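J.: After the structure tokens below, expect a handful of questions from me.
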Amino acid sequence: MTIISNDILKAKQLLENDDVVAIPTETVYGLAGNIFSEKAIQKIFKVKKRPHFNPLIVHTNSIEKVEALVSEFPEQAKKLAKAFWPGSLTLILKKKSNIPDLVTAGKDTVAVRIPNHAVTLQLLEKLAFPLAAPSANPFGSISPTSAAHVENYFKDSIKMVLQGGSCENGIESTIIGFENDEPVLYRLGSISIEEITAVIGEIKVKNKKEIAPNAPGMLERHYAPSTKTFLVKDVALFIKDYPNKRIGVITFSKKVLAPNIKKLVLLSEKKDLKEATSKLYQTLHDLDGLELDMIVAELFPDFGLGKSINDRLERATKD
Ligand code: AMP
Ligand code: MG
């Protein structure tokens, strides 16, 4: 049976014994293992059915510990770290040679982050090694934002989920790397482009697979419910063509009424993109459990976190 508990020492003991533990962060739950344990890292890939070309994000709890993992820390990266850590920003930096290739998919860079979750920060502080932790879901499916989501996905194939409540931000970290010393945003996420540019000025965005060969794993179909999902400008118009279907609808703040809508979720009545983002995955999990014929989501405003929501919904709706 999987234990769901807030026992940090139990989690520490499992991790020190080359096992994996699901951990809470403010973005989504991660499936964590010691980066220096080949057994633990192999188990992460196996449990998630994640392809080995897809590198893992390394989590730790202090800048000093990050400095022990990287061989270069550009000025712009330092500025970003200072502004956003602990928090939902992942930096891709040149790695030290002791970081195993299994973690970085053989790349000469490593993705690092200091997460902002009290329980996981306490755990990281007690550990003598950093944790590799991709999202705790089978490859391609919706990321988990509660301990129950993780348990539903993995059942008995992991021993413990460290309980940390529901994830405050509810969407993955924003990923930034460097090309010729210039910062490049590889994945839209929990921190908006506007927040990043306020710290370091304009940044190049390469969020799509075809233009981001440096960020493997940016797959077109990802974060997907098993129910067929659509992303449309005008929900009312779109669902008119499906009068006999049972439909789940996700909108930002607008009510839509129609007999074929079995469940309507407004992500934020007060039009707050942060609130909408934090509820997105929970809503997709909930609607996916209702045996609907389809989920129809409304395109979000194209700024701030609206861009990140649209990115995830676009990937969730790809065939
Ligand atoms: P996640 O699945 O949320 O753990 O995110 C991991 C993603 O981070 C990968 O799919 C890559 O896109 C990106 N990533 C991790 N490590 C690297 C790296 N060394 N270089 C480029 N991208 C990376
Ligand atoms: Mg993931």
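J.: Greater than 23 Å separation of Cα atoms is the criterion. Which listed pairs, Lys240/Lys307; Lys39/Lys155; Lys107/Lys279; Lys48/Lys159; Lys233/Lys307; Lys10/Lys94, meet it? If you can, show how the numbers build up before the last one.
T.: Details: Lys240/Lys307 27 Å; Lys39/Lys155 20 Å; Lys107/Lys279 34 Å; Lys48/Lys159 14 Å; Lys233/Lys307 14 Å; Lys10/Lys94 33 Å.
From the list (Lys240/Lys307; Lys39/Lys155; Lys107/Lys279; Lys48/Lys159; Lys233/Lys307; Lys10/Lys94), the Cα-Cα distance tops 23 Å for Lys240/Lys307; Lys107/Lys279; Lys10/Lys94.
J.: Another question, if that's okay. Which residue, Gly164, Phe303, Leu280, has the largest displacement toward the positive end of the dipole of the range 162-319 when charges sit on each Cβ (Lys, Arg +1; Asp, Glu -1)?
T.: Checked the options; the winner is Leu280.
J.: Against the longest alpha carbon principal axis of the chain, how many degrees, from 0 to 90 and to the nearest 10, is the axis of helix 305-317 turned?
T.: 80
J.: Let me ask you something else. Given the pairs Lys65/Lys204; Lys95/Lys126; Lys46/Lys95; Lys78/Lys270; Lys12/Lys96, which span a C-alpha to C-alpha distance of over 32 angstrom in this model? Intermediate values should be presented prior to the final figure.
T.: Values: Lys65/Lys204 28 Å; Lys95/Lys126 23 Å; Lys46/Lys95 24 Å; Lys78/Lys270 35 Å; Lys12/Lys96 25 Å.
The pairs that break the limit, which is 32 Å between Cα atoms, are Lys78/Lys270.
J.: Net charge near Glu291, counting Lys/Arg +1 and Asp/Glu -1 over other residues with Cβ under 14 Å of its Cβ? Could you put the intermediate results ahead of the total?
T.: Working: positive: Lys228, Lys245, Arg246, Lys262, Lys263; negative: Asp286, Asp288, Asp293.
Overall, the nearby charge balance is +2.
J.: Ok, one more. Any chance you could give the angle, 0 to 90 degrees and rounded to 10, that helix 38-48 forms with the longest Cα principal axis of the chain?
T.: 0
J.: Further, regarding this structure: Measure out, as a whole number of angstrom, how far apart the alpha-carbon centroids of the range 257-319 and the range 95-115 sit.
T.: Cα centres, the range 257-319 to the range 95-115: 33 Å.
J.: Follow-up question, since we're still on this one. Hey, what number do you get for the chain at 222 nm if only DSSP H runs of n ≥ 4 count, each worth -39500 (n - 2.57), divided across all residues, to the nearest 500?
T.: Details: 11 runs with 98 residues, N = 319.
It comes out at -8500 deg cm²/dmol, rounded to the nearest 500.
J.: Taking the Cα centre of the range 168-257 as origin, sum charge times position over the Cβ atoms of Lys and Arg (+1) and Asp and Glu (-1), and report the length of that vector in debye to the nearest 20. Please list the in-between numbers first.
T.: Numbers: 13 positive and 12 negative charges, 176 e Å.
The dipole of the range 168-257 has a size of about 840 debye.
J.: Additional query: Let's see if you can work this out: charge +1 on each Lys and Arg Cβ, -1 on each Asp and Glu Cβ, no other charges. What is the dipole magnitude of the chain about its Cα centre, in debye to the nearest 20?
T.: On the way: 43 positive and 39 negative charges, 118 e Å.
Taking the Cα centre of the chain as origin, the dipole is about 560 debye.
J.: Something else: Determine the dipole magnitude for the range 61-173: charges of +1 sit on the beta-carbon of Lys and Arg, -1 on that of Asp and Glu, nothing else is charged, the reference point is the Cα centre, and the result goes in debye to the nearest 20. Each step should come with its number before you reach the end.
T.: Values: 12 positive and 11 negative charges, 34 e Å.
The calculation lands at about 160 debye.
J.: Just add up the charged neighbours of Asn244: K/R +1, D/E -1, any other residue whose Cβ is under 14 Å from the Cβ of Asn244.
T.: On the way: positive: Lys240, Lys245, Arg246, Lys262; negative: Asp241, Asp293.
Residues near Asn244 contribute +2 overall.
J.: Pull up all non-local amide H partners of Asn207: gap of 5 or more, or a different chain, and H-to-H distance under 5 Å with H placed in the peptide plane.
T.: none
J.: Now for a separate question. Show me the GluC sites (Glu not before Pro) within the range 161-204 that DSSP assigns to loop and that have at most 10 other Cβ atoms within 10 Å of their Cβ. Can you show the working numbers first?
T.: On the way: sites: Glu168, Glu172, Glu179, Glu194, Glu195, Glu202; in loops: Glu168, Glu172, Glu202.
Passing sites in the range 161-204 are Glu202.
J.: Taking +1 at the Cβ of each Lys and Arg and -1 at the Cβ of each Asp and Glu, which of Pro24, Phe53, Leu14 sits farthest along the dipole of the range 5-61 towards its positive end, judged by Cα position relative to the Cα centre?
T.: Selected residue: Phe53.
J.: What trypsin sites (Lys or Arg not before Pro) does the range 5-74 have in DSSP loop regions with at most 14 other beta carbons within 10 Å? Each step should come with its number before you reach the end.
T.: Values: sites: Lys10, Lys12, Lys39, Lys43, Lys46, Lys48, Lys49, Lys65; in loops: Lys49.
Here the trypsin sites (Lys or Arg not before Pro) that fit, given the DSSP loop and packing criteria, are Lys49.
J.: Put +1 on the Cβ of every Lys and Arg and -1 on every Asp and Glu Cβ in the chain; which of Gln122, Ile239, Ser62 then has its Cα farthest towards the positive end of the dipole?
T.: Selected residue: Ile239.
J.: Let me ask you something else. Near Lys245, which lysines are there with a Cα under 16 Å away, not counting those fewer than 8 places off in the same chain?
T.: Lys228, Lys262, Lys263
J.: Calculated FRET efficiency, Ser268 and Glu72, Cβ-Cβ r, R0 25 Å, to nearest 0.05?
T.: On the way: r = 40 Å, r/R0 = 1.61.
With a Förster radius of 25 Å, E is 0.05.
J.: Here is a follow-up. To the nearest 10 degrees, how steeply does helix 75-84 sit against the main Cα axis of the chain, on a 0 to 90 scale?
T.: Around 60 degrees separate the two axes.
Only the coordinates and a few stated rules stand behind these numbers; no lab work does. Just so it is clear, the structure is predicted and the values come from calculations on it, not from any experiment. Glycine gets a Cβ as well: all are built from the backbone with ideal geometry, and neighbour counts include every protein chain shown.
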